[in-house]
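One structure, pasted below without further comment.
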Amino acid sequence: MSAREKSSPARLIMLDLVAFVVMAAAMGLIAAITLAAVTLLFASQAQAGEIREGTLLLRRIESQETIHAPLLSTEVVFRVSGLVLRAHVVQRFENVQDDWVEGVYVFPLPENAAADRLRMRLGERVIEGAIQERGAAKRTYEAAKLSGQRAARLDQERANIFTASVANIGPRETIVVELEYQQTLRYESGRFSMRFPMVVGPRYIPGNVRMAGSPGSGWGHNTERVADAAAITPPVLRPREGAASINPVSLTVELDAGVPLEHVISPYHRVNVETIDASRRRITLAAGAVLADRDFELQWSPSLGQTPQVAWFTEEKDGRHYGLLMVLPPAAPEAARLPREVIYVIDTSGSMGGASIRQARDALALALARLAPEDQFNVIEFNSEAQALFPQARPADAQTVRRAIEWVRRLEARGGTEMAAALHLALDGRDDVERVRQVVFLTDGAVGNEEALFRLIRSRLGGSRLFTVGIGSAPNSHFMSKAARLGRGTFTYIGRIEEVGARMRELFAKLETPVLQGLEVHWPEPQRVEAWPERVPDLYAGEPVIIKAALSELAGEVRITGVRGGRTWDARVPLAAHRGADGMGTLWAREKVSALLDSIRDGAPEAAVRDEVIRLASAHRLVTRYTSFVAVEATPARPSGTPLKQAALPTHLPQGWEYDKVFGAQGELPQGASGSFFALLSGLLALMLGTLLLAARDRRYA
């Protein structure tokens, strides 16, 4: 009788089972990584020096073919009038090769931008874009592309992420796409500001199950948690010399503040400021054109005593009056400082590597040092996982605060961005809070599952207030601002290490100052007015009340009331005392679209919301989640039978980000709970282990 026959059947079966499980796990890991590895072709070729300027991956990456895609340059002119900005963005797609190509470019716009015009220029010919339901726009574009007609399409992927597709760009040809948008400016702590994002930072894509989802040209794979990941993850250039000539941006700001100006500054770019008169400036980039790797921001401060306390702008359109109202409440009265429970959350994921993690650590250390002994606090860090420093909030005595600061100083950036885990820890859902409970969330917001996080914030906020602090050169302002709004807090942005002190002091003023609560807006004939937001949120020090309204007539006055520091606050604005301004109807429609989309989160049927958004967007020519712009040349240009090659235009890595921290030294993708390179390595090791187990089994029982 052989040794195999003498051995225990149970033991034999157990060894077989162990080997099988190990090998199955290994094969699962490898299979999950195989498709992701293909998308690393871009990074690996760049690393090997094979990618030259203008050379990009085909959208059909499985072919592993590279082509010279269109070069892109962008020019922007901003016209600022009072509280409103109008932007004219010109994108030039230049085909430097002998092939016919389609260029696909994923780019950002401000999260509150109302994109309402698209044109395509072919030499002297101008084709005006039409707004269509998104599916219809895609069919129009694809039919034109197939027939050889030149065409352009503009889609919205997120409130701050758009895709421009340009089909049938002929050899050595340039096609110009022009788009326009409008937005309301931000006013805070005595200064106005505008922000123009230039780069879509790589997003962390959670989820482990690959889905068909929305089509796209990005490196991300659609998952059960982010069904459109491929549409929001454009190819990213590995930083290298000579990249400045790829996707350069030039811009001009024509600023008419309406009041005398004290200061005009650009904190992140060198600019030339030309004074036209006391209230007007012309601002241009000192370098002429810059790398599209960070947000552009412009700030201006009215002369002392010139800050408008009330502003009321209107536009008459199609028999209705559209208006924008801003009322600046007076400074808050002195009040006793209430004991607080403050939960600080710091993002230590890979995208925070470099300058961002240093800014976040400094900001958090400053916040901890300012805590009063009667306060309670805790600190949570998150990357692929979330962990709290203490099991629960502790009194802010000197020793505990010192321990927390030392812990924060040792934090490093690594891993993924599992933000939901941190929000679960920070927000407990309790309404019966004994103290003022504030959650301060420091992050770059580089996630692709924003909608799921918004639902989480809404369900678990309770009596807490959520304050977001955007870190780095290109934060996801859509997530940051919406999260703060849902959390009844505010959004603060820190773009440079030198700004930490000033920005955190402004945030402290909000955290420690009584809010303006119970705000109500009383219109003379409320049944004939449609105003947004329907419910005005709580306000903090230095913030204005901003309302967008549609009215049948400008008669009577609007009254705004609230309570601050136990005292009643009241403001009245005569509707007839208005200033004429263009675009008020567009801004009102954009605000209503946002409110309609938010209502889905509250349980409104999406089909009904979709129909209403399409109706509203079509009337006001707005790009939305459900509507797109499309422009088509009537005459076919590409000869029948001539192939069309498709290319996704790349973006730069945001300034200050570390490529290896985001993608890994081997080009590891920021997707899923674990890194692809290490998952692949683990899979291979497990496969080897399983093979060795089977070999040992065979030797032992042979």
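For region 496-592, what is the largest minus smallest coordinate of the Cα atoms on each principal axis, given in angstrom and ordered from greatest to least?
Cα extents, longest axis first: 48, 34, 23 Å.
Something else now. In whole Hz, what ³J(HN,Hα) sequence does region 411-419 give by Karplus (6.51, -1.76, 1.60; θ = phi - 60°), x for Gly and Pro?
Once θ is set to phi - 60°, the couplings for region 411-419 become 5, 10, 8, 6, x, x, 10, 7, 5 Hz.
If you stretched the chain out fully between D432 and E316, how much longer would it get, using 0.36 nm times the residue separation minus the C-alpha to C-alpha distance?
37.1 nm
Putting +1 on Lys and Arg Cβ atoms and -1 on Asp and Glu Cβ atoms, find which of L554, A571, P524 reaches farthest to the positive end of the dipole of region 515-574.
Most positive-ward Cα: A571.
Run the 1.4 Å probe and let me know the accessible area of R564, rounded to the nearest 10 Å².
Roughly 20 Å² of R564 is accessible to a 1.4 Å probe.
Got a sec to turn the phi values of region 70-86 into Karplus ³J(HN,Hα) couplings, 6.51 cos²θ - 1.76 cosθ + 1.60 with θ = phi - 60°, whole Hz, x for Gly and Pro?
x, 7, 10, 10, 10, 10, 10, 10, 9, 10, 9, 10, x, 9, 10, 10, 10
Also, quick follow-up: Rounding to the nearest 20 debye, state how big the charge dipole of region 290-354 is about its Cα centre with +1 on each Lys and Arg Cβ and -1 on each Asp and Glu Cβ.
Around 220 debye, computed over region 290-354.
Counting only the heavy atoms of the protein chains, how much of W532 is accessible to a 1.4 Å probe, in Å² to the nearest 10?
The accessible area comes out at roughly 20 Å².
Between D277 and E557, what FRET efficiency comes out of the Förster formula 1/(1 + (r/R0)^6) with R0 = 41 Å and r the beta carbon distance, rounded to 0.05?
0.80
Here is a follow-up. Relative contact order for region 187-314 using alpha-carbon pairs under 8 Å, separation at least 6, rounded to a whole percent?
Once normalised by length, the contact order is 28 percent.
Ok, one more. With charges set only on the Cβ (+1 for Lys and Arg, -1 for Asp and Glu), what does the dipole of region 217-327 come to about its Cα centre, in debye to the nearest 20?
Charge dipole of region 217-327: 280 debye, to the nearest 20.
Ordering S245, S303 from largest to smallest accessible area (1.4 angstrom probe), what's the sequence?
S245, S303
In whole Å, largest first, what are the principal axis extents of the Cα atoms in region 276-350?
Principal extents (Cα only, largest first): 49, 41, 35 Å.
For the pair S618 and M211, how long in nm is the line joining their label points, each one 7 Å along Cα→Cβ?
That separation, rounded to one decimal, is 2.8 nm.
Let me ask something else about it. Using a basic spin-label model with each label point 7 Å from the Cα along Cα→Cβ, how many nm lie between L644 and E451?
Computed distance between label sites L644 and E451 equals 2.8 nm.
Any chance you could look up the accessible area of R337 with a 1.4 Å probe, heavy atoms only, rounded to 10 Å²?
80
Something else: How would E124, E262 rank on accessible area, largest to smallest, probe 1.4 Å?
Ranked list, largest accessible area first: E124, E262.
Can you find, among H263, A229, V249, the residue sitting farthest towards the positive end of the charge dipole of region 119-264, where Lys and Arg contribute +1 and Asp and Glu -1 at Cβ?
Checking the options against the dipole of region 119-264, the answer is A229.
Work out how much length I600 to R572 would gain on full extension: take 0.36 nm times their residue separation and subtract the Cα-Cα distance, in nm to one decimal.
Result: 6.7 nm gained on full extension.
Follow-up. So, with +1 on the Cβ of K and R and -1 on the Cβ of D and E, and no other charges, what is the size of the charge dipole of region 508-619 about its Cα centre, to the nearest 20 debye?
The calculated dipole for region 508-619 is roughly 220 debye.
Next up: In nm, to one decimal, how far is the V77 label point from the R496 one, both placed 7 Å along Cα→Cβ?
Spacing of the two 7 Å Cα→Cβ label points: 2.9 nm.
Test of understanding: what is the full-extension gain from R240 to E124, defined as 0.36 nm times their sequence separation minus their Cα-Cα distance?
38.1 nm is the gain from fully extending R240 to E124.
On to the next question. Among P544, P514, A484, flag the residue with its Cα farthest along the positive direction of the charge dipole of region 452-555, charges on Cβ as +1 for Lys/Arg and -1 for Asp/Glu.
Value computed over the given set: A484.
The values are calculated or read from the model by the stated rules, or taken from the named source; none is laboratory data. This structure is a prediction, so every number in the text was calculated from the model and none was measured. Here the Cβ is made from the backbone with ideal geometry for all residues, glycine too, and neighbour counts use every protein chain on show. Only protein heavy atoms, including side chains, enter the accessible area calculation; ligands, DNA and RNA are left aside. Shrake-Rupley method; radii C 1.70, N 1.55, O 1.52, S 1.80 Å.
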